[in-house]
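Colleague: Dropping the structure in here first, questions after.
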Amino acid sequence: MSNKLTIGMFGFGVVGQGLYDIIKTKNLNLEIKKFVIKNADKKRSLPADLFSTDPETILADPVINTVVELIDDADAAYKLTVRALKSGKNVVSANKKMIASHLEELVDIQQEYGTSLLYEGAVCGSIPIIRNLEEYYDNELLHSVSGIFNGSSNYILSKVFNENQQYADALKKAQELGFAETDPTLDVGGYDPKFKVCIVASHAYGIYVRPDDVFNIGIDKLGQQDIRFAKEKNFKIKLIPTAREIDADKVVLYVLPRLVSKESMLYNVENENNGVLVKAAFADEQFFYGKGAGGHPTGSAVLSDIAALRYGYRYEYKKHLTSNTLQYSQDYLLKVYLRYEDDLLIEKLNFSEITERYYAADFKYVIGYINLQQIAAHKADLNKEGNFIAEIA
């Protein structure tokens, strides 16, 4: 029999409203008692007495046993989550930056206080990848987990490649639809998928990796030359986070644009959809596909966590019990395409091998092999106007 959940929710934005829309159509043995929001003057579709600007109306209420955290401030979300967990309340969150930045501490708090933090909605929208890594792949040796983890950047790339839109126009449309923020850096700069791949790595490999230690570069320097090159070679460009076991005792994480061929299952993942590829020793390759952005898709993942709490579900972090020998590393050789302006950049990067080189007045590129450590060491140079780098898988 399920336990009755009395919920206090922080935030009532796109995801919060999407979640409420879903909940009101169901009979799930739960009640939302209070919403805490920032702007008390904003007109709401629900009765005013459900809303407050005081966090204590949730945190200090002994009747509320479940906190749903859906705000965009990672620091504030962290403080609310810690306070709730320590006071005996279970928490559901969709804040990938907060979780990735504090996951080890949050796991320790859960164990100490016997509470549960669930966050399926923080990674890949409607795709249940965390629960699958926890339950289905708990005894599986995983070679890699990678894919399209960010619906905003994928929407932009889809419009650029399929409809020949300019990058700036596609970005503006993504913002109008609510897929991208006013400041889109987290999405198009590759930070959002970096937070997500750190969370994924914890469940896939049993390691804690700080987001600041993971290399990421995005699609914001994508140019028409790169689009033309990719189309001539029958590629599409996708922004791909990767977690991969290398050797027998090391795991590499990184976020890079990738030239994807038609043979890849990621090739036809378009618009705001996400796709996750899991390559395993015994189950071989499996593919998860679904909406990666929007209030209802993310809200459905949040609701899945809420529903699981009715039956006392907790992440067990099983891989952490068996993977103590795995270490994080950036010592990994990649094949890349690099468009550049300054010849000195090629010298700085110290390619181990260059297999193709093109040199024209308005377009210069190389294709070759380079260590991820070298790429990470020169991130500032690669992020300058006139340069664009992408992995070739």
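Colleague: Every residue in the stretch 353-393 that is open to solvent by 60 Å² or more (accessible area, probe 1.4 Å) and part of a strand (DSSP E or B), please.
Modeller: Scanning the stretch 353-393 gives E353, I354, T355, E356, R357, Y358, Y359, Y369.
Colleague: Spot the failing condition for G178; the list is (1) open to solvent by less than 20 Å² (accessible area, probe 1.4 Å); (2) within 30 Å of L103 (Cα to Cα), and only one is missed.
Modeller: Unmet condition: (1).
Colleague: Kindly establish whether K291 is among the basic types (K, R), more than 30 Å from Q175 (Cα to Cα) and touching a helix residue (DSSP H, G or I) at 6+ places or on another chain (Cβ under 7 Å).
Modeller: no
Colleague: Sticking with this one: Taking A301 as the residue in question, decide whether it is touching a helix residue (DSSP H, G or I) at 6+ places or on another chain (Cβ under 7 Å), part of a loop (DSSP other than H, G, I, E, B) and either open to solvent by less than 40 Å² (accessible area, probe 1.4 Å) or under 30 Å from G11 (Cβ atoms) (or both).
Modeller: No, not satisfied.
Colleague: I would also like to ask the following. Quickly run through the stretch 327-344 and pick out the residues that are among the aliphatic types (A, V, I, L, M) and surrounded by fewer than 19 Cβ atoms within 10 Å (Cβ to Cβ).
Modeller: Of everything in the stretch 327-344, those that are among the aliphatic types (A, V, I, L, M) and surrounded by fewer than 19 Cβ atoms within 10 Å (Cβ to Cβ) turn out to be L333, L344.
Colleague: In this structure, is R258 open to solvent by less than 30 Å² (accessible area, probe 1.4 Å), out of contact with any Phe, Trp or Tyr (no Cβ under 7 Å at 6 or more places or on another chain), modelled with pLDDT of 95 or more and basic (K, R)?
Modeller: Considered against the rule, which asks whether it is open to solvent by less than 30 Å² (accessible area, probe 1.4 Å), out of contact with any Phe, Trp or Tyr (no Cβ under 7 Å at 6 or more places or on another chain), modelled with pLDDT of 95 or more and basic (K, R), R258 comes out as yes.
Colleague: Collect the residues in the stretch 176-204 that are modelled with pLDDT under 95, part of a helix (DSSP H, G or I) and of a type outside the set (D, E), keeping them in residue-number order.
Modeller: Of everything in the stretch 176-204, those that are modelled with pLDDT under 95, part of a helix (DSSP H, G or I) and of a type outside the set (D, E) turn out to be T185, L186.
Colleague: Let me ask something else about it. Run down L177, L106, L157 and say which single residue is in the same structural domain as L259 (by the TED database), in contact with a Leu (Cβ under 8 Å, 6 or more places away or on another chain) and of a type outside the set (D, E, K, R).
Modeller: It is L157.
Colleague: Still on this model: Using the structure shown, decide if A168 is at pLDDT 95 or above and more than 20 Å from N273 (Cβ to Cβ).
Modeller: no
Colleague: Can you pull out every residue in the stretch 378-393 that is acidic (D, E), under 19 Å from N350 (Cβ atoms) and over 22 Å from the mean Cα position of the chain (by Cα)?
Modeller: Residue satisfying the conditions is D381 alone.
Colleague: Closer than 28 Å to A84 by Cα, touching a residue at least 60 places away in the same chain (Cβ under 8 Å) and of a type outside the set (A, V, I, L, M, F, W, C): which single residue out of E112, E104 fits that description?
Modeller: Going through E112, E104 in turn, the sole match is E104.
Colleague: Follow-up. What number of residues within the stretch 45-58 satisfy the criterion of being in a helix (DSSP H, G or I) and in contact (Cβ under 8 Å) with a residue 40 or more places away in the chain?
Modeller: Summing the residues that are in a helix (DSSP H, G or I) and in contact (Cβ under 8 Å) with a residue 40 or more places away in the chain in the stretch 45-58 gives 2.
Colleague: Quickly run through the stretch 308-352 and pick out the residues that are among the β-branched types (V, I, T) and either part of a loop (DSSP other than H, G, I, E, B) or modelled with pLDDT under 95 (or both).
Modeller: Within the stretch 308-352, T322, T325 meet the criteria.
Colleague: Any residue that is under 17 Å from L141 (Cα atoms), in contact with a helix residue (DSSP H, G or I) (Cβ under 8 Å, 6 or more places away or on another chain) and touching a residue at least 24 places away in the same chain (Cβ under 8 Å) - is there at least one of those in the stretch 324-346?
Modeller: Checked against the condition, which is being under 17 Å from L141 (Cα atoms), in contact with a helix residue (DSSP H, G or I) (Cβ under 8 Å, 6 or more places away or on another chain) and touching a residue at least 24 places away in the same chain (Cβ under 8 Å), the stretch 324-346 yields at least one hit.
Colleague: Now for a separate question. Which ones in the stretch 181-205 are closer than 30 Å to D249 by Cβ and either among the hydrophobic types (A, V, I, L, M, F, W, C) or open to solvent by 80 Å² or more (accessible area, probe 1.4 Å) (or both)?
Modeller: Answer for the stretch 181-205, where residues must be closer than 30 Å to D249 by Cβ and either among the hydrophobic types (A, V, I, L, M, F, W, C) or open to solvent by 80 Å² or more (accessible area, probe 1.4 Å) (or both): F195, V197, C198, I199, V200, A201, A204.
Colleague: Against the conditions (1) surrounded by fewer than 17 Cβ atoms within 10 Å (Cβ to Cβ); (2) more than 16 Å from G88 (Cβ to Cβ); (3) of a type in the set (S, T, N, Q); (4) in contact with a Gly (Cβ under 8 Å, 6 or more places away or on another chain), where does N3 fall short? Just the number, please.
Modeller: Tallying (1) surrounded by fewer than 17 Cβ atoms within 10 Å (Cβ to Cβ); (2) more than 16 Å from G88 (Cβ to Cβ); (3) of a type in the set (S, T, N, Q); (4) in contact with a Gly (Cβ under 8 Å, 6 or more places away or on another chain), N3 fails exactly one: (2).
Colleague: Can you name the residue in the stretch 217-263 that is in contact with a strand residue (DSSP E or B) (Cβ under 8 Å, 6 or more places away or on another chain) and of a type in the set (S, T, N, Q) and is also nearest to N162 (Cα to Cα) among such residues?
Modeller: Across the stretch 217-263, the extreme among qualifying residues is Q225.
Colleague: Conditions first: (1) in contact (Cβ under 8 Å) with a residue 12 or more places away in the chain; (2) farther than 30 Å from G16 by Cα; (3) not aliphatic (A, V, I, L, M). Y315 passes all but one, so which condition is the exception?
Modeller: (2)
The values are calculated or read from the model by the stated rules, or taken from the named source; none is laboratory data. The shown structure was predicted, so the numbers you read here are calculated from the model rather than taken from an experiment. Quick reminder, even Gly has a Cβ in these numbers, built from the backbone with ideal geometry, and neighbours come from all protein chains shown. Note: areas computed on protein heavy atoms with side chains; ligands, DNA, RNA excluded. Shrake-Rupley method; radii C 1.70, N 1.55, O 1.52, S 1.80 Å.
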